[in-house]
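Chemist: This structure is in structure tokens; I'll ask about it shortly.
The values are calculated or read from the model by the stated rules, or taken from the named source; none is laboratory data. Quick caveat: nothing in here was measured; it's all calculated off a predicted structure. Note: ideal-geometry Cβ built from the backbone for every residue, glycine included; neighbour counts use all protein chains shown. Ligands, DNA and RNA are stripped out before the accessible areas are found, and what is left, the full protein with its side chains, is counted by its heavy atoms. Shrake-Rupley method; radii C 1.70, N 1.55, O 1.52, S 1.80 Å.
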Amino acid sequence: MGPLNDKTIIVTGASSGFGEAIAIACAAEGARVSLVARRVAALERVAADIRATGGLALVCPADVSDDDQVYAAVEKTREAFGSIDILVNNAGVNIPQRSIEETEPEQWRKLLEVNLTSAFVFTRAVLPAMKARGDGLIINIASRAAMVPNLRAGVAYSTSKIGMEALNDIINLEGNAVGVRACIVNPGAGNTPIMDLRPVHISHEERMKMIQSEDIAATVVYLAKLPKRVNVNLISMLPTQR
Ligand SMILES: NC(=O)c1ccc[n+]([C@@H]2O[C@H](COP(=O)([O-])OP(=O)(O)OC[C@H]3O[C@@H](n4cnc5c(N)ncnc54)[C@H](OP(=O)(O)O)[C@@H]3O)[C@@H](O)[C@H]2O)c1
């Protein structure tokens, strides 16, 4: 039992990094969490951790760039846990190629499908029921690159995250009047496996100064606990020392 014990939450990209920490933290507050990602063994490990402390977790393996798998994951969650209260669009990737010339069009398309189109399709799958119920929260984990496109994040990644900002605004424009809220969370550098793809090696010391997964998880729990009359629509987070 906890403050989120009446909530069902879908977390995409729950097999590592921010998503794993978000799922564990929400479950610790009593939420029923649906874990979405491709790596089944990693999802099973996260689910086992949650269940070991008395939490409720559902493993929903899916490639978020496949619309059918997205709809199937949402349906599986509804069947197991009932209506979906909160969607956390967190799944995301970057590629080692960061410049326009290095990035192949096919890499660009794939990255936008995973980072941006998946968030649109997940939103599309949960929004009608949220609107009908007059309640729902969609949290979009984007990036500092959504606010300040930059060469370090690269062209495809920056573009995908700016797209999430537009999606977040449109969810609020369409949904606020009927009780649906959206918040975009824009972290700066975070100490997760995605950093392994940076073209330049990052030292342990540098990683420790970065935002940690538990910081993002605490932010999502804070948003999830707010009363539905409050719409925090943007959170920007930077490492203090950078
Ligand atoms: N770390 C940072 O510095 C930072 C900063 C700002 C924003 N972010 C954003 O935070 C989010 C989480 O990233 P992270 O840093 O926690 O990195 P991460 O540990 O690499 O996590 C990425 C997650 O996305 C999932 N994923 C990737 N492609 C997928 C696909 N096609 N279908 C389903 N799931 C997929 C991965 O699961 P599978 O591989 O199992 O599918 C994994 O769970 C991303 O959107 C990232 O852009 C990260």
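Chemist: What shape does segment 36-183 have by the C-alpha gyration tensor, where a ≥ b ≥ c are the square roots of the eigenvalues, rounded means a/c under 1.5, and otherwise prolate means a/b greater than b/c and oblate the rest? Show your work: numbers first, answer last.
Modeler: Numbers: a/c = 2.09, a/b = 1.31, b/c = 1.59.
Oblate, because a/c is 1.5 or more while a/b does not exceed b/c.
Chemist: Moving on. Would you mind working out the magnitude of the charge dipole of segment 1-157 relative to its Cα centre, with +1 at each Lys and Arg C-beta and -1 at each Asp and Glu C-beta, to the nearest 20 Debye?
Modeler: Its charge dipole is roughly 300 debye.
Chemist: Taking only protein heavy atoms into account and a 1.4 Å probe, give the accessible area per residue of segment 8-230 in Å².
Modeler: With the other protein chains kept in place, segment 8-230 gives 44 Å² per residue.
Chemist: Given the whole protein assembly as supplied and a 1.4 Å probe, what does the accessible area of residue 234 come to in Å², nearest 10?
Modeler: Surface accessible to solvent at residue 234 totals approximately 80 Å².
Chemist: I would also like to ask the following. Can you tell me the 0 to 90 degree angle between the C-alpha axis of helix 118-133 and the longest principal axis of the chain, rounded to 10?
Modeler: Compared with the principal axis, the helix lies near 20 degrees.
Chemist: Then there is this: Determine the gain in length on full extension of the stretch residue 166-residue 75; use 0.36 nm per residue of separation and subtract their C-alpha separation, reporting nm with one decimal.
Modeler: Working: separation 91, 0.36 × 91 = 32.76 nm, distance 2.61 nm.
Going from the current span to full extension adds 30.2 nm.
Chemist: Relative to the longest principal Cα axis of the chain, at what angle does helix 155-175 sit, 0 to 90 degrees, rounded to 10?
Modeler: The angle comes out at about 30 degrees.
Chemist: Of the candidates 140, 172, 89, which one comes out as most mobile in a Gaussian network treatment of the chain with C-alpha springs shorter than 10 Å?
Modeler: Fluctuation is largest for 172.
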